[in-house]
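**Q** Quick one: structure below, then a few questions.
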Amino acid sequence: MAKRLGKEWKNLEDEPDSEDRFFAEVKNNDLEWVMKLLVGESEACCYAGGIYTVVLTFPSEYPFKPPVVKFTPPVYHPGVNQETGEICADVLREDWGPTRNVRWIMSVLYNLFLTEGASHAVEQEIIKLKEENYDAFKAKVAAQIQALME
């Protein structure tokens, strides 16, 4: 596992995402990485322009089990637990296998923002607001993006 993670880290440093959607920021230790996720301003979603911090905590069973994925601070998103910042576990587990990697995880997270997370909701109040008052939902997301930029 350590060798695999070392190769993945080096690959992320040597070959950054071609679309500049994410990058490795710091390795706290071999099993905890901090990544940045950048949602392009031209994207057709309310998260456009946001820059988010993602902490990946790898289990000893990696790559056979996915890491725990946590946003710090928690992102106002239906698929993100507002207390812990963790994403809905099903987001990764559904398609996870030992051939998946951090690059794949970050792409999945990016797409979670593009779709605004309707299919993987863990926060029922957020999905309810999104469905009943999309303008208020967008305003809360915009306020969070603004606060993260300050």
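**Q** Restricting to region 101-136, name every residue that is part of a loop (DSSP other than H, G, I, E, B), modelled with pLDDT under 95 and not hydroxyl-bearing (Ser, Thr, Tyr).
**A** 116, 117, 118, 120, 121, 122, 123
**Q** Answer yes or no as to whether residue 41 is at pLDDT below 95, surrounded by 16 or more Cβ atoms within 10 Å (Cβ to Cβ) and either under 20 Å from residue 143 (Cα atoms) or in contact with an Asp or Glu (Cβ under 7 Å, 6 or more places away or on another chain) (or both).
**A** Taking the combined requirement at face value, the residue does not satisfy it.
**Q** Filter region 1-43 for residues that are outside any loop (DSSP other than H, G, I, E, B), over 11 Å from residue 102 (Cβ atoms), of a type in the set (A, V, I, L, M) and touching a Ser or Thr at 6+ places or on another chain (Cβ under 9 Å) and give the result.
**A** Passing the criteria: 34, 37.
**Q** Taking residue 38 as the residue in question, decide whether it is in contact (Cβ under 8 Å) with a residue 24 or more places away in the chain and under 25 Å from residue 13 (Cα atoms).
**A** For residue 38, the condition - in contact (Cβ under 8 Å) with a residue 24 or more places away in the chain and under 25 Å from residue 13 (Cα atoms) - is not met.
**Q** Please identify the pairs in which a residue from region 101-116 that is without any contact (Cβ under 8 Å) to a residue 40 or more places away in the chain has its Cβ atom under 8 Å from the Cβ atom of a residue that is outside any helix (DSSP H, G or I) and surrounded by 15 or more Cβ atoms within 10 Å (Cβ to Cβ), counting only partners at least 6 apart or on another chain.
**A** Pairs that qualify, where the first residue is without any contact (Cβ under 8 Å) to a residue 40 or more places away in the chain and the partner is outside any helix (DSSP H, G or I) and surrounded by 15 or more Cβ atoms within 10 Å (Cβ to Cβ), are 112/77; 112/79; 112/87; 112/120.
The values are calculated or read from the model by the stated rules, or taken from the named source; none is laboratory data. Everything numeric here is computed off the predicted structure, so don't read it as measured data. Cβ coordinates were reconstructed from backbone atoms using ideal geometry, including for glycine residues, and neighbour counts include every protein chain displayed.
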